[in-house]
Every structure is written in structure tokens, then in C-alpha cells.
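Take a look at the structure set out below.
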Amino acid sequence: MKKFIIFFLIGGLIFPFLAMARVGVGIGGGKIIVDEPLKAGTLYDVPPVTILNTGDEASDYEVDVAFHVEQQEIWPEREWFEFSPKEFYLEPGDAQLVEVRLNLPVKVLPGNYFAFIEGKPLKKATETSGGAHVGIAAASKFYFSVAPNNIFQGLYYRFLSLYNNAKPWSHVILVVVVLAILITIFKKTFKIQLSVGRKQ
């Protein structure tokens, strides 16, 4: 037993990086709460989150959505969330700002929703050095509610969200469409005949 302890201590002195290297993760911001009920069909820009490499080993990271098994709130679908970037690489001490967008479908169950926006390293146990933590993650709590609605309201709010997110091009397209309609109506209402002839 004494030989094993001596061997372990000598190994730790010769290869200290094996015993000390670790992958770490932190997240900026604790709670994200949307005060007003969201409408079905809307695209909502959630406040961004910052993922930090709190360890002393570089790693690839990803952002995803996680849930608590015993939570009383409704679970939003993973497909409703868009992360930019979703995966990225961080050196020790580096941070990455991640944009988050919530894309509510036109038909969605009204009520209170909750999810964790989670950052975690992608390194597997076989890829980490001795002493590295496996399966770690850091998360922000995200609360929102969806107002009661019907399919027509959902389609209306989806169109409105797409229109607002496509500015200024949505304005240009709208002007072109309105002009095309006006020109068509004008042509059908007024028949203009132009004739060219020689003066006698």
C-alpha cells in the first residue's frame, strides 16, 4: 500500500498536468423572465447568454435546452429554439456570446413554460485528461407564457413577426406589391388609348 501511495505522489509530481487539467463551464446570467405573454406564431429574441470556459483545458462547447423532470410548467419543444452559434470552441478563460431565438409555432398550447438554456463541453471521458469532469453543464432558467389564441391569430402573428424581422426589405416588398395592385386596378378601370398620326 505504501509503495502505491509513493508511486502516486511521484506520478503527480512528474505529470502534474494530468492530475490538474480539467474542463469547466460557466454561464452568464441566472434567470430570463418574459413579463408579457407571447403570442403563437411569433419570433422572439431571447436575451443572449454567455458561455465561459472556467477550466484550464480547451474544449468544444454546445448550447441546448434542458428540462427538470418534476417541473410544473409546460416543456417547450427543442425545435422552438435557435442558437447562434450552437457549437463553438473555447480556450481556457475564453467566453462566447450566444444569440437565442424562440420560434413559436402558429398552433401552440397556452400556459406557463419553463426550460433551462444550458451550456456544456462536448469532450467525452476518453478524450479528457485525468481529473477532468465529465457530464458537467451550466444553465440559465428561462420562463415565459403563451397567451390563449386560435390558428388565425397564430398565422397573423407569424406574418407580423416575419415582416418585422425582415426589415427594411419587407417594406420594399410591400411597396412593390401595393404598386403592382394599384397599376392593375388603374389599367382595368381606365382604358387609355394613344394614337400617333401625321398632321395634314
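The values are calculated or read from the model by the stated rules, or taken from the named source; none is laboratory data. Just so we're clear, the structure is a prediction, and the values are computed from it rather than from any experiment. With ideal geometry, Cβ positions are generated from the backbone for all residues, glycine too; neighbour counts draw on all protein chains shown. For the accessible areas, the whole protein counts, side chains as well, though only heavy atoms, and no ligand, DNA or RNA atoms are used. Shrake-Rupley method; radii C 1.70, N 1.55, O 1.52, S 1.80 Å.
Computed values, structure above
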| read-out | value |
| --- | --- |
| Residue list for region 22-73, restricted to those being of a type in the set (Gly, Ala, Ser) and closer than 18 Å to Val146 by Cα | Ala40, Gly41 |
| Qualifying positions in region 92-108 - at pLDDT 95 or above and loosely packed, with under 13 Cβ neighbours inside 10 Å | Leu97 |
| Near pairs, Cβ below 9 angstrom, 6+ apart or cross-chain, from region 110-121 (surrounded by fewer than 17 Cβ atoms within 10 Å (Cβ to Cβ)) to any residue that is of a type in the set (A, V, I, L, M, F, W, C) | Pro110/Ala40; Pro110/Val146; Pro110/Ala147; Gly111/Ile74; Gly111/Val146; Asn112/Ile74; Asn112/Phe144; Asn112/Val146 |
| Selection count where residues are part of a strand (DSSP E or B) and open to solvent by 20 Å² or more (accessible area, probe 1.4 Å), scope region 33-65 | 11 |
| Residues (aromatic (Phe, Trp, Tyr) and either part of a loop (DSSP other than H, G, I, E, B) or in contact with a Phe, Trp or Tyr (Cβ under 9 Å, 6 or more places away or on another chain) (or both)) located in region 82-115 | Phe88, Tyr89, Tyr113, Phe114 |
